[in-house]
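The values are calculated or read from the model by the stated rules, or taken from the named source; none is laboratory data. No experiment lies behind these values; they were computed from the predicted model shown. Note that each Cβ is placed from the backbone with ideal geometry, even for glycine, and that neighbours are counted across all protein chains shown. SASA here: full protein model, heavy atoms, side chains in, ligands and nucleic acids out. Shrake-Rupley method; radii C 1.70, N 1.55, O 1.52, S 1.80 Å.
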Amino acid sequence: MNASQCLGGKGSALEVLGRAGMPVPRWFAVPPGGELDAGRLAGLKELTGERFAVRSSAVGEDGALSSYAGQLESYLWVSRDDVAGKIGAVRESAGAARVAVYQGERGEGAEVLETAVIVQEMVDARAAGVAFSADPVTGQRRVVMVSAVEGTAEKLVSGEVDGETWRWEREWVERGGVLSEEEAGKVRDLALACERVFGVPQDIEWAVDRDGELWLLQSRAITTLGKAADPDDEMRIWDNSNIAESYSGVTTALTFSFARRIYEHVYREFCHLMKVPERRIERADDVFPQMLGMIEGRVYYNLLSWYRVLALLPGFSVNRKFMEQMMGVKESLPVEWTERIAAENKESGWRDGLAMAGMLVGWVVNQATLKRQCAEFRERFDAAMAPPPVPLERMSGDELVAHYRDLEGRLLKRWDAPLVNDFLAMVWHGVLRKLCGKWAGDEELASGLLMDCGEIISAEPPRRIREMAGMAAEVVGLGALLADGEVRREEKLEALKKRKDLAREFDRYLEDFGDRCMEELKLESPTLMDDPDSLLLSIGAMAVRGAAGDGVGEAVEVPEVPGLGGLKRVVFMRVLRMTRERIRDRENLRFERTRLFGRVRRIVRELGRRLCADGVLDEEADVFHLEVGELLEIWEGTRSMGVARELAAVRRREYERCLESPAPPDRVEARGPWHRQRVEDLAEAKVVGGSGGLKGVGACAGVVTGKVRVVEDPRAVRLEAGEILVARQTDPGWVVLFPSAAGLLVERGSVLSHSAIVSRELGLPCVVSLTGVMDRLQTGDVVTMDGKTGEVTICNE
């Protein structure tokens, strides 16, 4: 029997408290089991006085998860002659029915407890009670609560009397009369001292004797808290509305650390570009690293950080609405938070005025020079992305790290033109919607007017897939072969060579778009160059159906501009032109991001191959379970202690656990760190709308009725003629399915997300931000979708 079994839960705690110098009355423990012979009661001779407290101390009692409070018997004022009898009675109470019920309610086994028994010198108390070093109801850690009664505390503990309450919140906000303020302060300090000993908030029982001396009778963790959040902790609003388009599902440590690193650098740089005063940027220094968070392996926006960065710029009260539209955020920021964030940047009148003037000048300058900025960015991008003199696979580890550092310095930390363009796209689009609502009475008209934004590179892959499908259809049996998921890739590639122009187009497609793939911003994702199966399948499916006549990719009908005259028309057309240009450039510049991420992906894979060969990692893919900084530190010799192999293995197991665990809600408001959140408090309504339909945001006009195909992974999916594609989110890797779809329904996203922009360019009716659509619809359901109003009617009957 080990020490914890001999002493039990309560006794083990008293042992620790005694060693820490706490004022604990003298005591001894009778281990569980065995006869109560003289040897087991020898400790009684060491105690003075003639009255004692005899208390239970079962293993697990007064633990962090279960207190067993009041379940086993305890006796006070026991005479020396009666101690042995009361010890027996305490032992017998461990088998009481109420104990079994308590265990069942806690999900514990219903075995009969073997309990140690504590015999402690009885304190002749003038006052006694309990104290909590945190509020056991609200969970506030800055609160200390003291409850007191005259005499001993058994009636208070049993609930027979309420006693008086003292409440400390950095000062006494509630007082009683049994204790003096000095005595209440000593009890408070004693509770906090116990918390420091055990490291978690404590529930203590105490007594003040007739001479005014304070005694600690027992201490245990506040079991109602567990790891509950502290309502006084910082509020965080986690939202994955639009970020899931880039980082859907579970993400590796490498990808998350890379993304967070980029977001921190580029948005700090963006504030400099927009002429935000340096003092304001410095005040927000801790905000930039917190733009993103990882919740159960999934990437989320830390929304309050985004609002705080936006509040550094002029026009926060208006621009925050535009940002919410752009990011697909369904719930606006509460007014109290809007006011609080706005106040964080409030300075004296003249300073605010100067800052506003400077930033407005920056806004105008960036708007006027954006075309030049984009040209300079592309020139710098092409120079940085030029084929290196030595192929990546022939570079040494140091050369690979140096190449990454060069890309980071020249591009990743200087993503200037795309950022400015994104911001202006957000503003111009917001203004366009406002004008459509005010002057034409229909904000949704804006989506239709954006169906012709000029040449968007993301619309090129579907067009070229259609062309290749037309070529494949001219070779007897080739379309069926390519569309067959059971045929090996090598056999399909060999069959392509039967038509040389098709083989050339296929190779050219991979050269131009080979870095595009599903979840293309996740460094661990295989690209089309690695795995072209989805492309082959899409070409084959379209060839079998017939590449012509689907309507997708043909000329799209743009709604008429509302009948405006004079100055209104001039203003409206200017806003419309600027919005179209910014959205076009936004999507095209995002393709450059795809190319850059493709290069980084190849670099880290090569580094993983080297580390595996050197025995630092067990597998090449384990490189994705290191953070970017850790990977670079290994090569540069700046890493602190820690074995990369073991670290990667731990993260790999955590990654696999997250893959199997249910996803958290799309939006979570939480106080404090994530590990303190109770999952049961984060439930989310999955189904939205009545029995007949759903309502989202119209992204591309058009009314379609047809069967739906619900798709989680597009890699091995073949759409039949007339089917409407339903997805949780899409990224550029999904475009291989767009040419075959009659319509597109997306659970997440906004009118400026990739799926919305490409669908408008292709004339593909589309509704985004359809909360609950993946749970509501099943493959084969018949719906009517309206891409203008965002309404989806389920019409299976």
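Of note:
- Segment 166-211, subset open to solvent by 40 Å² or more (accessible area, probe 1.4 Å) and of a type in the set (Gly, Ala, Ser), residue nearest to residue 231 (Cα to Cα): 199
- Wholly enclosed helices (runs of 4 or more DSSP H) of segment 216-322 bearing at least 3 residues over 25 Å from residue 524 (Cα atoms), open to solvent by less than 40 Å² (accessible area, probe 1.4 Å) and without any contact (Cβ under 8 Å) to a residue 60 or more places away in the chain: 303-310
- For segment 721-739, taking the residues that are part of a loop (DSSP other than H, G, I, E, B) and touching a residue at least 60 places away in the same chain (Cβ under 8 Å), the one that is nearest to residue 590 (Cα to Cα) is identified as 731.
Residues checked against (1) at pLDDT 90 or above; (2) under 23 Å from residue 511 (Cα atoms); (3) in a helix (DSSP H, G or I):
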{"position": "544", "(1), (2), (3)": "no, no, yes"}
{"position": "574", "(1), (2), (3)": "yes, no, yes"}
{"position": "587", "(1), (2), (3)": "no, yes, yes"}
{"position": "622", "(1), (2), (3)": "yes, no, yes"}
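- Among the residues making up segment 352-386, a single one is over 36 Å from the mean Cα position of the chain (by Cα), farther than 20 Å from residue 419 by Cβ and surrounded by 13 or more Cβ atoms within 10 Å (Cβ to Cβ): 354.
Per-residue answers, yes or no, for (1) buried (at least 21 other Cβ atoms within 10 Å of the Cβ); (2) within 50 Å of the chain's Cα centre (by Cα); (3) modelled with pLDDT under 90; (4) not hydrophobic (A, V, I, L, M, F, W, C):
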| site | (1), (2), (3), (4) |
| --- | --- |
| 19 | no, yes, no, yes |
| 37 | no, no, yes, yes |
| 53 | yes, no, no, no |
| 72 | yes, yes, yes, no |
| 79 | no, no, no, yes |
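- For segment 7-41, the set of residues classified as assigned to a strand (DSSP E or B) and under 12 Å from residue 58 (Cα atoms) consists of 29, 30, listed by residue number.
- Here residue 706 meets each of (1) out of contact with any Pro (no Cβ under 9 Å at 6 or more places or on another chain); (2) assigned to a loop (DSSP other than H, G, I, E, B) with one exception, condition (2).
- Exactly one residue out of 486, 467 is free of Cβ contacts under 8 Å to residues at least 24 places away in the same chain and open to solvent by 60 Å² or more (accessible area, probe 1.4 Å): that is 486.
- Summed over segment 149-186, residues that are within 42 Å of the chain's Cα centre (by Cα) and either more than 23 Å from residue 138 (Cα to Cα) or touching a residue at least 40 places away in the same chain (Cβ under 8 Å) (or both) total 1.
- Taken over segment 692-712, the criterion of being farther than 18 Å from residue 776 by Cα and either among the aromatic types (Phe, Trp, Tyr) or open to solvent by 10 Å² or more (accessible area, probe 1.4 Å) (or both) is satisfied by 701, 702, 703, 704.
- Of everything in segment 443-464 that is in a helix (DSSP H, G or I) and in contact with a Cys (Cβ under 9 Å, 6 or more places away or on another chain), the residue that is surrounded by the most Cβ atoms within 10 Å (Cβ to Cβ) is 447.
- The condition of being under 22 Å from residue 279 (Cβ atoms), assigned to a helix (DSSP H, G or I) and of a type outside the set (Phe, Trp, Tyr) holds for only one of 375, 368, 357, 402, that being 357.
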